[in-house]
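Working notes for the structure below.
The values are calculated or read from the model by the stated rules, or taken from the named source; none is laboratory data. No experiment lies behind these values; they were computed from the predicted model shown. With ideal geometry, Cβ positions are generated from the backbone for all residues, glycine too; neighbour counts draw on all protein chains shown. For accessibility, only protein heavy atoms count, side chains too; no ligands or nucleic acids. Shrake-Rupley method; radii C 1.70, N 1.55, O 1.52, S 1.80 Å.
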There are 2 protein chains.
Amino acid sequence: MNDVNDTPRRRSDATRDAILTAARERFAADGYERATIRAIAKDAQIDPSMVMRYYGNKEGLFAAAVSVDLGLPEPASLPRDDIGRALVARFLDLWEENEVLTALLRVGATNQAGAERMQGIFREQVMPVAVRVCPDPEQAPARAALAATQLLGLALTRYVLRLPPTVALAREEILAWLAPTIQRYLTAPSP
Amino acid sequence: MNDVNDTPRRRSDATRDAILTAARERFAADGYERATIRAIAKDAQIDPSMVMRYYGNKEGLFAAAVSVDLGLPEPASLPRDDIGRALVARFLDLWEENEVLTALLRVGATNQAGAERMQGIFREQVMPVAVRVCPDPEQAPARAALAATQLLGLALTRYVLRLPPTVALAREEILAWLAPTIQRYLTAPSP
DNA sequence: ATCCTAGGCCAACGCATGTTGGCCAACAAG
DNA sequence: CTTGTTGGCCAACATGCGTTGGCCTAGGAT
């Protein structure tokens, strides 16, 4: 079959990418149920049946459209007191550089599969960082969970609900207020 | 028409309440789109058409089902340094005493009308408290917004996404970690 | 006893959705 | 040039949705 080791370039790759891009936009804007395959297909300027051909069904499309690499900083690479600020900064960049995370959060709020995918990301990408930065690794899950409440809460109110006073906050304000919170959740002694 | 001043008891009030209760459960569990009128009617053990008769349409049903009074504590009634803890405690109680807030958050994440309703609650019930507790009332919106990110983030991860490490947190742990955060957002000098 | 109203159900409509299978054109290999 | 494969579209399907209108029945008022 495909003896070629490198990714075998298919002639339809352009279409496939167009579908994924349109899907991300729609999922981010409308959530899972209201992002219809027909609308996604129209955005990608192809027939709805092509979506099925390439991704099987709607769930498969979502799985293919939303793949996240948080690219969190390596804790060892910076001063221990700066980890809070570095994480907040990284999260702000992540949410603004593309719509994948907004799509994931919107879908996760309504869809079981979406929620489970977020749990997976937390487990495999957030937890390892927490383990390496927490004073007592046994407390890592709780501390990582606390940090997640603050960071996801920011994303929720700013990028999903678009609560006006949260949208109005400047990047520097957010950094200045939230960095100490995250720093404390991860490194301060238990209260 | 209704010259009677007190609420005119209709014979159908039991049914109406059953519909609202079922609606809250379904909206909380499934979000707006997947909470179907048919399913709600089945839960309430009546015909779907009754829902339309009493609430006009699905949007009207949602509006009737979620009406929230946060019942936030009056800042003047307690020591200034305890306001953070009091607010966190009140929020935990609110989210656990019924499903209205979960429904509202799930719907707000996907539905424009739901998001606007949350903005209304923030404006009319959260802001007034912030104005009375903030050192500089001009900063009240930003500070209230920050508190909202933390509290809604907790609700999101604990009651909607059900991130296991967040669900595992004990009430006392949450209070001990989050109270200082809220206290700082509302009353500490700007960083 | 007789109206009349309100509570309730049934059956159906129109529509949008996810999904399927068949058909056609363009490209690649022989 | 022929042949097989791939990319693509069209038309349709079954289903479930919100919503509507008509009909029946039981209370309450007179």
Review point. Within the range B:152-163, restricting attention to residues that are facing chain A (nearest Cβ under 7 Å) and assigned to a helix (DSSP H, G or I), which residue is farthest from the chain's Cα centre (by Cα)?
Key: B:T157
Review point. Does any residue of the range B:91-104 turn out to be over 15 Å from the mean Cα position of the chain (by Cα) and within 11 Å of chain A (Cβ to nearest Cβ)?
Key: no
Revision key, fill the gap. Counted residues in the range A:122-141 being open to solvent by 30 Å² or more (accessible area, probe 1.4 Å) and within 11 Å of chain B (Cβ to nearest Cβ) come to 5
Check your understanding: Looking only at residues in the range B:54-86 that are part of a helix (DSSP H, G or I) and among the acidic types (D, E), which one is farthest from DNA strand C (Cβ to nearest atom)?
Key -> B:D81
Practice item. Give the residue that is surrounded by the fewest Cβ atoms within 10 Å (Cβ to Cβ), with candidates limited to residues of the range A:169-183 that are more than 9 Å from chain B (Cβ to nearest Cβ) and not hydrophobic (A, V, I, L, M, F, W, C). Key: A:E172
Review point. Mind checking which residues of the range B:9-39 are more than 11 Å from DNA strand D (Cβ to nearest atom), open to solvent by 20 Å² or more (accessible area, probe 1.4 Å) and within 14 Å of chain A (Cβ to nearest Cβ)?
Key: B:A29
